[in-house]
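Contents: one structure, followed by commentary.
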Amino acid sequence: MGRMLGLVSSWALITVIALAGNAADDSLQGFTPLFNGKDLSGWKVPPGDNDHWKVVDGVIDYDARSEGKGDKCLWTDKSYRDFILRIDWRLKKDPGFVHRVAVIGPDGSTKKGPDGKEETVEIEDVDSGIYLRGSDKSQVNIWMWPIGSGEVYGYRTDSKMPAEVRAGVTPKKNADRPRGEWNAFEITMKGDRLSVKLNGEEVIQSARLPGVPKQGPIALQHHGSFDSKTGKWTGPPSLVQFRNISIKEL
């Protein structure tokens, strides 16, 4: 038992040292922390949220049940123009929302079967994302769809956008780790161009976002609602955690 406790303590110490090393590396590279690991200083908690956005064991934890009456997302106090954002996230394993979703092709269009109907697959979905420059349209998705996280749903599904824009905001590969494991985004926003790396893999490369605001805050997205009468979700919930959030303004 003593040896086991010693091993646990050693692993805990290694984890602390690793996290401290990551923070030091970011600082040396000109990154500023957006989350202190202790509380939600620097963030705007939705009025009336009632502690659904909270800090648990050093990470931002959300259960998708904010009681706020308006926007339920968690926004930064500060606005940003051009930047590199680093953020770790993971989708929790609590029961999600089972439904059928479209199969998306590399050009951003939905795939059709031999009968001309849209191809779909059934998944247990959970859903969140990162809003850029104060806009839900310029959201970098976090979800369970087969296309993978990192896509910009508001632009991909906008039929008024040119084909090259819709293709540009569609992930080139699914780089997500299994649900319950930590993932790492590096999001670069410069002018109207967006690049996204997920777990070191470039899934979006210099995609153009026509009409994107020049400046605005960043948000961690709320998604889904819970029906207390049925005890079920009515849409994919944002059962999600975040950590290691830092930004470098360009």
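The values are calculated or read from the model by the stated rules, or taken from the named source; none is laboratory data. Bear in mind that the values here come from a model prediction, so they are computed numbers and not experimental data. Note: ideal-geometry Cβ built from the backbone for every residue, glycine included; neighbour counts use all protein chains shown. Remember, those area values only see protein heavy atoms, side chains included, never the ligands or the DNA or RNA. Shrake-Rupley method; radii C 1.70, N 1.55, O 1.52, S 1.80 Å.
Within the range 144-159, restricting attention to residues that are open to solvent by 10 Å² or more (accessible area, probe 1.4 Å) and in contact with a Pro (Cβ under 8 Å, 6 or more places away or on another chain), the residue that is nearest to Leu74 (Cα to Cα) is Met144.
Output yes when any residue across the range 186-197 is touching a strand residue (DSSP E or B) at 6+ places or on another chain (Cβ under 7 Å), part of a loop (DSSP other than H, G, I, E, B) and open to solvent by less than 60 Å² (accessible area, probe 1.4 Å), and no when none is. Yes - at least one qualifying residue is present in the range 186-197. Hey, can you tell me all the residues within the range 33-90 that are more than 23 Å from Pro237 (Cβ to Cβ), in contact with a strand residue (DSSP E or B) (Cβ under 7 Å, 6 or more places away or on another chain) and open to solvent by less than 60 Å² (accessible area, probe 1.4 Å)? Answer for the range 33-90, where residues must be more than 23 Å from Pro237 (Cβ to Cβ), in contact with a strand residue (DSSP E or B) (Cβ under 7 Å, 6 or more places away or on another chain) and open to solvent by less than 60 Å² (accessible area, probe 1.4 Å): Leu34, Gly42, Ser79, Tyr80, Asp82, Phe83, Ile84, Leu85, Arg86. Of all the residues in the range 201-225, those that are of a type outside the set (D, E, K, R) and open to solvent by 70 Å² or more (accessible area, probe 1.4 Å) number 3. When only residues in the range 118-135 that are without any contact (Cβ under 8 Å) to a residue 60 or more places away in the chain, assigned to a strand (DSSP E or B) and acidic (Asp, Glu) count, which is most open to solvent (accessible area, probe 1.4 Å)? Only one residue tops the list, namely Glu122. Within the range 208-235, the set of residues being over 21 Å from Ile187 (Cβ atoms) and in contact with a Ser or Thr (Cβ under 9 Å, 6 or more places away or on another chain) comprises Gly224, Ser225, Phe226, Asp227, Trp233, Thr234, Gly235.
Quick test for you: out of Lys190, Lys214, Lys229, pick the one residue that is over 28 Å from Thr110 (Cβ atoms) and touching a Lys or Arg at 6+ places or on another chain (Cβ under 7 Å). Exactly one residue qualifies, and that residue is Lys214. Residues in the range 222-250 that are of a type in the set (A, V, I, L, M) and closer than 14 Å to Asp63 by Cα: Leu239, Val240.
Within the range 60-112, if we keep just the residues that are over 14 Å from the mean Cα position of the chain (by Cα) and of a type in the set (Ser, Thr, Tyr), the residue that is nearest to Thr188 (Cα to Cα) turns out to be Tyr80. Residue check: is Asp115 out of contact with any helix residue (DSSP H, G or I) (no Cβ under 7 Å at 6 or more places or on another chain), modelled with pLDDT of 95 or more and surrounded by fewer than 18 Cβ atoms within 10 Å (Cβ to Cβ)? So Asp115 fails the test. Checking Ala18, Ala102, Ala23 one by one, the residue that is surrounded by 14 or more Cβ atoms within 10 Å (Cβ to Cβ) and at pLDDT below 90 is Ala23 and no other.
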